[in-house]
1. Under a straight-distance cross-link criterion of Cα-Cα below 12 Å, which aspartates and glutamates are reachable from Lys199, leaving out those fewer than 8 residues away in the same chain?
2. Which entry in (1) 21.6, 74; (2) 21.9, 66; (3) 27.5, 83 is this structure's computed Rg and Dmax of the Cα atoms in Å?
3. I need the helices of the chain that pass two filters: whole DSSP H segments spanning 20 Å or more by Cα along the axis, and mean Kyte-Doolittle score no lower than 0.0.
4. Out of the total accessible area of the chain (probe 1.4 Å, heavy atoms of protein only), what percent is carbon and sulfur?
5. Ranked from highest to lowest mean number of other Cβ atoms within 10 Å per residue, what is the order of the peptides 259-269, 94-104, 18-28?
6. Counting pairwise Cα distances across the range 223-275, what percent come out greater than 15 angstrom?
7. Can you tell me the accessible area per residue over the chain, all protein chains present, probe 1.4 angstrom, in square angstrom?
8. Calculate the tail of P(r) for the range 122-252: the fraction of all Cα-Cα distances greater than 21 Å, expressed in %.
Amino acid sequence: MDISPIAYAIPLFFVLIGLEVLVARHRGLEVYRYHDAITDLSCGIGSRVVGVAGKVLGLAGYTAVWHFVGVARIESGVAAWVAVILGVDFFYYWLHRAGHRMNIVWAGHVVHHQSEDYNLAVALRQSWYIPFIEWIFYLPLAVIGFSPLMYAGASAINTLYQFWIHTETVGRIGPLEAVLNTPSHHRVHHGTNPEYIDKNYGGILIIWDKLFGTFEPEVAPSVYGTIKPLRSWNPLWANVANWVEMGQQFRLARGPADAARILLGPPGWTPDGIPPAPAVSRDAQQKYVVQSSRLADWYVGLSYLTAIIATTGFMVVQTALEPVKLVVFGALIAAGIISWGGLLEGRRWACFTELARLVVAPIAAWHLSEGNTAFVASVAMVSLLSAVPVVAMVRGSGGRVG
């Protein structure tokens, strides 16, 4: 079963991102910053590559519950599809709410909120950890009897819908605001304004927030990001930073009750309580900026063309490729996005990890293609050409050493 229909929407995502850039420029809006957008894409690529194991685990778990516990066998029909789409949206609301109210889930979901900008690229910024646990929230649908195919399809629809609401170029859309989750509603959700925190959890529909008391209309402009900024372009650090912080909090725990609250309590909880959210404004916000070299910017940008192609291929063949080859393929992509994040921060170590990746790439290509000489030769040529600017970065000023 192909569990990655989103792979086929990737070209459309980038067409819409390009259109958003043009519209924003026409209106005089600054909604994209190069380094931030690259980090968004890196987190998204990592989610699709690292999270494939979680997706497989989740579909297997859902299938097992459907097979052994399901009280019915619901596999087709218009009414059934409407019901499962509504059901997925309902349980997504509770997954999303848990992602903001339980630290053990927020540790993954925080990745989606770290960007200090708000645009369609942010929609692609996803956690590498959440795919391993999100399926648990949808198990009631398996018990009811909705087939794994219907569950996977409805989940994809829910995810695809939410792409377009991550934009500042669309205002209110009239009466539909009363029912649907819209860019206006979701801008509120991404705001760190005290009145916006923990509001508007809906996926497709906003009615769940209105029913359960978590709705807030958009009034003041949202200040995007997290209360404690990430201040990094490294996608790996973006995914582990909150876990590191939780580890530090455990050292301050005064017993098992405190330890449980650190895991199951809301973000920001410490044995001394939760400090109030500070007042914020766009004018006062100091966004994270690093002056990387122009060579690094160009290198990372051009490298991303290969990364997007490779990730799309990875998503298309992931159910057909044998596990060892899938791990090799995924590790090569993940190593790239981590190194590129370091290059954008001027980290010297990133030059050496990128050179190591370029050396390994032809060997991995040989393994993946089972000795296809033309494919291996093309990968080796790209690696050789790519090594030239990386060596230049090592020999140049190199930015910061870290």
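1. The qualifying aspartates and glutamates are Asp209, Glu216, Glu218.
2. (2)
3. Span-like helices here: 10-27, 34-50, 52-68, 78-101, 148-163, 294-317, 323-344, 348-369, 373-395.
4. Ligands and nucleic acids excluded, carbon and sulfur give 70 percent.
5. Taking the mean over residues of other Cβ atoms within 10 Å, the ranking is 94-104, 259-269, 18-28.
6. Result for the distance tail: 51 percent.
7. Normalised by residue count, the accessible surface of the chain is 47 Å².
8. 54 percent
The values are calculated or read from the model by the stated rules, or taken from the named source; none is laboratory data. Quick caveat, the model's predicted, so the values are computed rather than measured. Glycine gets a Cβ as well: all are built from the backbone with ideal geometry, and neighbour counts include every protein chain shown. Ligands, DNA and RNA are stripped out before the accessible areas are found, and what is left, the full protein with its side chains, is counted by its heavy atoms. Shrake-Rupley method; radii C 1.70, N 1.55, O 1.52, S 1.80 Å.
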